[in-house]
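Data first, discussion second: the structure below is written as structure tokens.
The values are calculated or read from the model by the stated rules, or taken from the named source; none is laboratory data. Predicted, not measured: the structure shown is a model, and the values here were computed from it. Glycine gets a Cβ as well: all are built from the backbone with ideal geometry, and neighbour counts include every protein chain shown. Accessible surface is based on the protein model in full, side chains and every heavy atom, while ligands, DNA and RNA are left aside. Shrake-Rupley method; radii C 1.70, N 1.55, O 1.52, S 1.80 Å.
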Amino acid sequence: MNMEGRNPKYAKYWSADGLHHCSPLRMAGFACNNLATNMYFMIMAMASFYLNGFVGLAVMAASSFAAVMRVWDAVTDPMIGFIIDRTNGKFGKMRPFMVIGNIGMHITSFLLFHVTHQLPEGFARIAFYTVICVVYYIFFTFQNAITRAGQAVMTNDPKQRPLFSMFNVIIPIVVMTVVTWHRTNILIPKYGSYYSTGLFHDMWLVAFCTSVVCTIIAVIAIAPKDQPEFYGVNTATKAAKISFKDYAEVLKGNKAIRWLILAACSDKFATQANHTSINIVLWGLVVGNNALSGGMGIYTNGFTIIFALLGYGVVAQKLGLRKTYVVGSLGGIVLNLCMIMLWVFGDPTTMNLPGYEGFNGFSLFTILYMVLIIAKGGFGTMTGDIVLPMISDCTDYEVYRSGKFVPGLMGTLFSLVDKGISSISPMFTGLIFSFIGFADAYPDLTTQLTPTLFAVALFIAYGLPSIGLAINIIAMEFYPLTKEKMAEIQDEIARIKARDMAAIEQK
């Protein structure tokens, strides 16, 4: 390929076949952007306790509020994606949104969990929390949208893209395992309940410090690739003309993104329905030791990381993203069913780990649980973050299909539908709890365990995800971007780039 016309400053990132690359170190660094937003997502996932305990909303109302905010989060996505695709300033297309979004999340989340409960009870608290939460999700989308959009500029090499998922799994697993352990083994014993303003302050402080560091690393990592040189077919010389009607046209014409959205939404619905209270029921009430839930990750997540390395470093590169997604879904279904059988027919009260009171050796239940959770986590890495590089494939497919490079549109279009559907998950969980007698408060460590509560927890933890994984398998039957198709797409994009560069040189 003729490389004349390209900026010599970025020549090292291009190969002769028209693909551009980035180092694994930069991939890992950019993956920190996802962790930066996930740290706040962990707090917001527990916000129902704050709403229930300090804002004054009953369980169903708190769940409904979370659903409404999720819808608002979805509505903001296409607007911000539209802005991203039309942005091409001195500091690039991606970095301004990362920085502004992160600063905004710090400020608004602080106000949510430090000021709300100090206001007069009733309307003042509800109104304040609602307004600040609306603003928070705008800033959240600013940074979160770049996790999807940014991958398209980091590399277009089909062999490299699975590595993003590997880093997007490994880095959050390591950090969030430590954070979960800290919450369950330090903070909960310290405050004695999830209904504590001190608990939310400490969680916010951890999120703030981690998110700042992660954002700085991610900005540095993407800086040399956040350039017009890597924005698409010919956007280095001409800005893409994008309008809101393009969203409808893409959803109608891009078959790949439609089926990917269906598959990912089913998973997200199940994940969002798995409220913190489910963990409390299984570990705090059934096992009888809530702290073990955090400790278990210390012992098992290292093996999950090994599975992630195999899944992304070997399986995904050999089979392609589509087949890997199917394999992960099949494995996940089998392991979820095995996990239900273990909880029902095993003795969860024998669960224990070294370093915890009463440990005198690994019980059969503990050994079987660890084996299943490790395997389940391994297959889960093939269906979770692997969606992110698949969105990048859909972005390239759109270039191939329509000639438009619109990573912001593709990522936020995906989020719009994804969040809209998954927004009903908290409401779904709240509705089930209300139906079985928990209308005023979520199950806590002081709740009396009943067979009905146990059955509901198992269904939401393992049954609902199995349904979502089954939908994945069906959707992938119609998803057109096979490994072979992506090779064809990249060849065509390289041909178009060569044609455009030749036209530039002739002027």
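Scanning the range 356-367 for residues that are over 21 Å from Ile305 (Cβ atoms) and open to solvent by 30 Å² or more (accessible area, probe 1.4 Å), we see that the one that is modelled with the highest pLDDT is Leu364. From the list Phe167, Phe113, the lone residue that is aromatic (Phe, Trp, Tyr) and open to solvent by 10 Å² or more (accessible area, probe 1.4 Å) is Phe167. Pairing residues of the range 262-279 that are within 28 Å of Lys252 (Cβ to Cβ) and among the basic types (Lys, Arg) with residues that are in a helix (DSSP H, G or I) and open to solvent by 10 Å² or more (accessible area, probe 1.4 Å), at Cβ distances under 9 Å and at least 6 apart in sequence or on separate chains, gives Lys268/Ile421. Scanning the range 57-106 for residues that are more than 19 Å from the chain's Cα centre (by Cα), at pLDDT below 75 and of a type in the set (Gly, Ala, Ser) gives Ala58, Ala61, Ala62, Ser63, Ser64, Gly89. Among the residues making up the range 134-146, a single one is open to solvent by 10 Å² or more (accessible area, probe 1.4 Å) and closer than 21 Å to Asp393 by Cα: Asn144.
Among the residues of the range 335-355, those that are farther than 17 Å from Val286 by Cα and surrounded by 15 or more Cβ atoms within 10 Å (Cβ to Cβ) comprise Leu335, Asn336, Cys338. Take the conditions (1) under 20 Å from Tyr129 (Cα atoms); (2) modelled with pLDDT of 80 or more; Ser48 misses just one of them, which is (2). Applying a threshold of 7 Å to beta carbon distances and a minimum spacing of six or more residues, or different chains, the list of pairs starting in the range 329-352 at a residue that is within 17 Å of Ala270 (Cβ to Cβ) and ending at one that is assigned to a loop (DSSP other than H, G, I, E, B) reads Ser329/Thr383; Gly332/Thr383.
For the range 315-328, the criterion of a residue being part of a helix (DSSP H, G or I), hydroxyl-bearing (Ser, Thr, Tyr), in contact (Cβ under 8 Å) with a residue 12 or more places away in the chain and closer than 30 Å to Lys483 by Cα is satisfied by at least one position. Residue count for the range 189-233 under the criterion of being of a type outside the set (Lys, Arg), in a helix (DSSP H, G or I) and either within 25 Å of the chain's Cα centre (by Cα) or at pLDDT 95 or above (or both): the result is 27.
Of all residues in the range 331-354, those being more than 29 Å from the chain's Cα centre (by Cα) and part of a helix (DSSP H, G or I) number 5.
Residues that are closer than 11 Å to Ile333 by Cα and in contact with a Gly (Cβ under 6 Å, 6 or more places away or on another chain) within the range 460-484 comprise just one, Leu469.
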